[in-house]
Amino acid sequence: MDTEVLIVGGGLSGLTAAWQLSKLGIPYRIVEARPRMGGRILSLTKHGTDYDLGPSWIWQGQPHVAELLNVLGLSKFSQPVEGTTLYQLQSGQIQPHQGLSPMAGALRIQGGSAALTNALSNSLMSNNNLYPEHVVTKIMTTNHGVQLQINNGDKTFEWQAKAAALAIPPRLAAKLNYSPGLPNPLKQALQKLPTWMAAHAKVVTLFDKPFWKEQGLSGTALSQVGPLVEIHDASPNDGGPYALFGFVGYPANARSQIGEAELVNKVKQQLVSIFGSAADNPIDVVIQDWSTEPFTADEEDLNAPAGHPEYGLAMQAQNEWADRLYFISTETNQDHGGLIEGAIDRATQFAHEFNKSR
Ligand SMILES: Cc1cc2nc3c(=O)[nH]c(=O)nc-3n(C[C@H](O)[C@H](O)[C@H](O)COP(=O)(O)OP(=O)(O)OC[C@H]3O[C@@H](n4cnc5c(N)ncnc54)[C@H](O)[C@@H]3O)c2cc1C
């Protein structure tokens, strides 16, 4: 055996599982397809500051992320919502939004969400068992566990372990090659779990000044016009460059037809129409379209689910796969599925469950 647990995917679930296994003294390796760890957690690093291109928010009442931040020595701050929130009507007219900002009460991680995955990766680095640019293509059972077929760009090879923990979106897990094949009901259950936020694109715009604050605005704006349908302050807690980010309202297929340059132009025009000429000339505009990322989104994910899907995987691997194959991405968590909290909760639960079964 090459190790005891092969963790497939180095996003938050995979890194948390590794961190917990390492505390329990259980040998593991993380096999990650991308050149970087973090998965859907990604920061744009500009001018020495990090801006979230994936998740931004955590909330009170999420004990697992609160505890992990505490142990890793990371802090959090409140999403800025003071000031007037704006509403752009279909006619283009701008009016103040009545009621609380939709993100009142949300918290952000100091240094950006990637501070969390970076801290986990850094604490695991000395074990020399993180393998970026390693794509898992096939999983087989052996007499004593599993064998994974892996491609690292140069060659295809196999690693063996007692178990594999799939910390990848369930729809991507369903598409891997298995020998023997996964039971159909399990495969269908995996396919039914949409990859949270995979259909979405985020645009981050950087500015020299927080001109919205100077006008008594919160930076939050809701729009019926688009391209951005929801805009928020994305500035760091302590100084500039200052930032606004927005979710693009056009569906994935429409985005691919428009192209990035035109989308950037439309975003700039929209920001000026909402916030005035002060929004002209951002220092930078960056688009992160998650629907075009093959290690996040499956074809079925191109259309976003109408609301927050029902998450959790009631059916676990059985028969030949029992105690050999675990599904641990955030979507497999019932209570906080899709969220940062769900990834940490599920991965932690897996590590303890695996430890008990040894
Ligand atoms: C735009 C956006 C906004 C979001 N906003 C929020 C928010 O505000 N709050 C919140 O709580 N959550 C939010 N989320 C969700 C949050 O990002 C996820 O819950 C979390 O990052 C999931 O972590 P994970 O490890 O389960 O999956 P992932 O981060 O998807 O990690 C899976 C990893 O597996 C790798 N992989 C895939 N296939 C293979 C393969 N065959 N071989 C090897 N490796 C493979 C991938 O490269 C990836 O690194 C948001 C997500 C997005 C995209």
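The values are calculated or read from the model by the stated rules, or taken from the named source; none is laboratory data. This structure is a prediction, so every number in the text was calculated from the model and none was measured. Heads up, the Cβs are rebuilt from the backbone with ideal geometry, glycines too, and the neighbour counts pull from every protein chain shown. Accessible surface is based on the protein model in full, side chains and every heavy atom, while ligands, DNA and RNA are left aside. Shrake-Rupley method; radii C 1.70, N 1.55, O 1.52, S 1.80 Å.
Couple of notes before you dig in:
- Relative contact order [Cα under 8 Å, 6+ residues apart], the chain, whole percent: 21
- Prolate/oblate/rounded label for region 122-162 (Cα gyration tensor, a/c 1.5): oblate
- For the chain, with all protein chains in place and a probe radius of 1.4 Å, 46% of the accessible heavy-atom surface sits on carbon or sulfur.
- Each stretch of four or more DSSP H residues adds -39500 (n - 2.57); spread over every residue of the chain, this sum gives -7500 deg cm²/dmol at 222 nm.
- Qualifying lysines (Cα of each under 21 Å from Cα of LYS46; at least 8 residues distant if same chain): LYS76, LYS202, LYS209, LYS268
- Charge dipole magnitude, Cβ of K and R +1, D and E -1 - region 101-238, Cα centre, debye nearest 20: 580
- Residue list for region 159-175, given a label point 7 angstrom along the Cα-to-Cβ vector of GLN191 and an amide N cut-off under 11 Å: 174-175
- Per-residue packing, averaged as other Cβ atoms within 10 Å, sorts the ranges 29-40, 322-333 into the order 322-333, 29-40, beginning with the highest.
- Shape class for region 18-65: oblate, because the ratio a/c of the largest to smallest gyration tensor axis (alpha-carbon atoms, square roots of eigenvalues) is 1.5 or more and b/c is at least a/b.
- Cα pair distances in region 178-253, grouped into 5 Å bins until the bin that holds the longest one, percent each: 3, 13, 17, 16, 12, 9, 8, 6, 7, 6, 3, 2, 0
- The HN-Hα couplings worked out from phi for region 276-291 by the Karplus form 6.51 cos²θ - 1.76 cosθ + 1.60 (θ = phi - 60°) are x, 5, 4, 7, 5, 6, x, 5, 7, 10, 10, 9, 10, 9, 6, 6 Hz, whole numbers, x standing for Gly and Pro.
- Across region 53-178, Cα-Cα distances exceeding 22 Å account for 61% of all pairs.
- Theoretical gain in end-to-end length, ALA106 to GLU353 [0.36 nm per residue, Cα-Cα removed]: 85.8 nm
- Measuring max minus min along each principal axis, the C-alpha atoms of the chain give extents of 67, 41, 39 Å (largest first).
- Spin-label pair ARG36/TRP59, simplified geometry with 7 Å Cα→Cβ offset, distance in nm: 2.7
- Virtual spin-label span in nm between ASN70 and ASN237, 7 Å along Cα→Cβ: 1.6
- For the pair ASN151 and HIS308, label points projected 7 Å from Cα toward Cβ lie 3.7 nm apart.
- With all projection directions averaged, the alpha carbon convex hull of region 256-345 covers 9.4 nm².
- Estimated at 0.36 nm per residue, the fully extended path between ILE287 and LYS175 surpasses their Cα-Cα distance by 37.5 nm.
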